[in-house]
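Some notes on the structure that comes next.
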Amino acid sequence: MSGAVPMPPSDLPLRRLPRRLAGVLFALLLVACAPEPAPDDAPADATVVAAPDRTAMAAQPVGDLEAVALELGSRLDADGRVAEVQERFRPSDTVQVSLVTVGSAPTARLRVEWRDAEGRVLASDEQSIAPTGPAVHRFSRAVEGGWPPGPYAVEVHLEGASAGVREFEVR
């Protein structure tokens, strides 16, 4: 006999545990870092490249600017805010929109879309702003010959992200 002491059979699996664990971790690492498979309708040798998400990029906040109120009416007060909030207008009315923001930003973009009942954009307006605190931003829309009766909506976007939608009706 050589002097080596044989290990009992019950200890043998414990000696192999570090190797097995390393193998499992390596396999998990390979799976986690593997490229995504091509879609089923793509050729087998096609490379799938994701298009940049322009919506997400446009919606990034600027400074700490935040929209806190969106109001519709036919008259503005001395501060430029809608004097009396309303949802119904006459065909001859000029629809006034006021957006109240808080916070500041070196520059930001506001866009207002005026839509009909089917969601089609009838008109849009844009403003560049650089608020340094609470501020009121105004938009208005009148239709030559009067608004046709029916439902409408106005949506305000702040840096590409919706800051609110208000529906209104012309009677």
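Note on the range 62-88: residues that are more than 23 Å from ASP116 (Cα to Cα), in contact (Cβ under 8 Å) with a residue 60 or more places away in the chain and part of a loop (DSSP other than H, G, I, E, B) total 2.
Could you list all residues from the range 116-149 that are touching a Leu at 6+ places or on another chain (Cβ under 6 Å) and more than 18 Å from GLY164 (Cβ to Cβ)? Answer for the range 116-149, where residues must be touching a Leu at 6+ places or on another chain (Cβ under 6 Å) and more than 18 Å from GLY164 (Cβ to Cβ): just ASP116. For the range 149-171, the tally of residues that are part of a strand (DSSP E or B) and out of contact with any Lys or Arg (no Cβ under 6 Å at 6 or more places or on another chain) stands at 15.
Condition check ((1) farther than 20 Å from ARG81 by Cβ; (2) at pLDDT below 95; (3) surrounded by 11 or more Cβ atoms within 10 Å (Cβ to Cβ); (4) touching a His at 6+ places or on another chain (Cβ under 7 Å)) across all residues:
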| position | (1), (2), (3), (4) |
| --- | --- |
| GLN96 | no, no, yes, no |
| VAL112 | no, no, yes, no |
| ARG115 | yes, no, yes, no |
| GLN127 | no, no, yes, yes |
| ALA135 | no, no, yes, no |
| ARG138 | no, no, yes, no |
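The values are calculated or read from the model by the stated rules, or taken from the named source; none is laboratory data. Everything numeric here is computed off the predicted structure, so don't read it as measured data. For neighbour counting, all protein chains shown are included, and Cβ atoms are generated from backbone atoms with ideal geometry for every residue, glycine included.
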